[in-house]
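Single-structure report; data block below.
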């Protein structure tokens, strides 16, 4: 009996196995005691695996690109350097794909290799009639590959929590928002855009979705209120900065749209479901369908909007139903390691406020507890007529909140321009229904408090 290599699985399989080991710390922890460079026949692959193992033993996490670059420079063989670079490039490009199958198959292969190794050792022990020894090596082999990630170890996992690539972000279209959220919204985040009906919540999501596509990301946009074609026209209007009505008056509107969409580096899928007729499970099934049939794995998921998602368990209280849906959405975001973005309604009192705060959310206040980033958009009648609005950061897990940004908003084409931060006291009639008068604090004091809070959270 001899140990085998991964050659029988082919090059693509080996690359994807390496991709998983480079990108998934939990998988690496699971397999580290069975992982061996000898499983790979390719010299470049052997070197990568050796570096992965060495780095993990020292820092208890996956190796970073920066470290790999440094270690590569130490090699004297220039041809091998070039080969390794090519293999690493291929592996990192594969890291964004769904690697579940490859992880399962590779883990199974490595565990079997460990068992075969134990059986080979047992032959010699059998000749010596060392049955306790046989039981020991077999038992040790059977334990290999068991899930042993006990959680984040404060002492061992220092490197993990300070890695620049720990949180993969997609930027907002607005620099001001990125500045206070550590670059944007990231893997596993639930982001809520709150506002009154017709205020521009969905257009805000359209702006975010288009920006992501323009940066090369894959986006899926679920609409539970409007049809696919109607939402598609919104994207056309945004891309062309021409209202759909004026766009269709143009003689070459089709060619114009085709040119604009063909130049987009990313991809966008729009899928409509009837309101309150679709569950998160059905959305998850559609995501699986996109992956299997179209090889489409989104980087970000928009659900317009979560309040219309059906709770399969059907609770007596509507509030409990909504809570279940939002908790489920957050769980799905974490499971998929993708951000989920959703507009959400505010109550009638919130619709009257100059600045919409968290207590004005419709349905359930618990939405704010579940969300990672929660932003309200307030637009009273005079604002709509003047093309104005105010974005207010209700909650921001990655930086300061309580900040208000003035905006120019054109809902004919979805053009949104953030003008800058404004002090609450500079906004007239601010939250007349609030028991606390924000004007009792000076502008300088507010700025100092926000700065102190931001420094603390960093």
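The values are calculated or read from the model by the stated rules, or taken from the named source; none is laboratory data. No experiment lies behind these values; they were computed from the predicted model shown. Cβ placement follows ideal geometry from the backbone for every residue including glycine, while neighbour counts extend to all protein chains displayed.
Filtered by the rule that a residue be surrounded by 15 or more Cβ atoms within 10 Å (Cβ to Cβ) and out of contact with any helix residue (DSSP H, G or I) (no Cβ under 8 Å at 6 or more places or on another chain), the range 292-309 gives a lone residue, 308.
Inspection of the range 87-110 identifies no residue that is part of a helix (DSSP H, G or I), more than 30 Å from residue 291 (Cα to Cα) and at pLDDT 90 or above.
In the range 343-382, of all residues being at pLDDT 80 or above, under 23 Å from residue 181 (Cα atoms) and out of contact with any helix residue (DSSP H, G or I) (no Cβ under 7 Å at 6 or more places or on another chain), the one that is surrounded by the fewest Cβ atoms within 10 Å (Cβ to Cβ) corresponds to 369.
Starting from residues that are under 18 Å from residue 114 (Cβ atoms) and in contact with a helix residue (DSSP H, G or I) (Cβ under 7 Å, 6 or more places away or on another chain), keep the ones in the range 21-35 and report whichever is surrounded by the most Cβ atoms within 10 Å (Cβ to Cβ).
Per the criteria, the residue is 21.
The residues of the range 57-66 include none that are crowded, with 19+ Cβ neighbours inside 10 Å and in a helix (DSSP H, G or I). When the helices (runs of 4 or more DSSP H) confined to the range 199-280 are screened for residues that are within 25 Å of residue 389 (Cα to Cα) and modelled with pLDDT of 95 or more, those reaching at least 2 such residues are found at 201-214. State yes or no: is residue 52 farther than 21 Å from residue 336 by Cβ and in contact with a helix residue (DSSP H, G or I) (Cβ under 6 Å, 6 or more places away or on another chain)? Judged against the criteria, residue 52 is a match.
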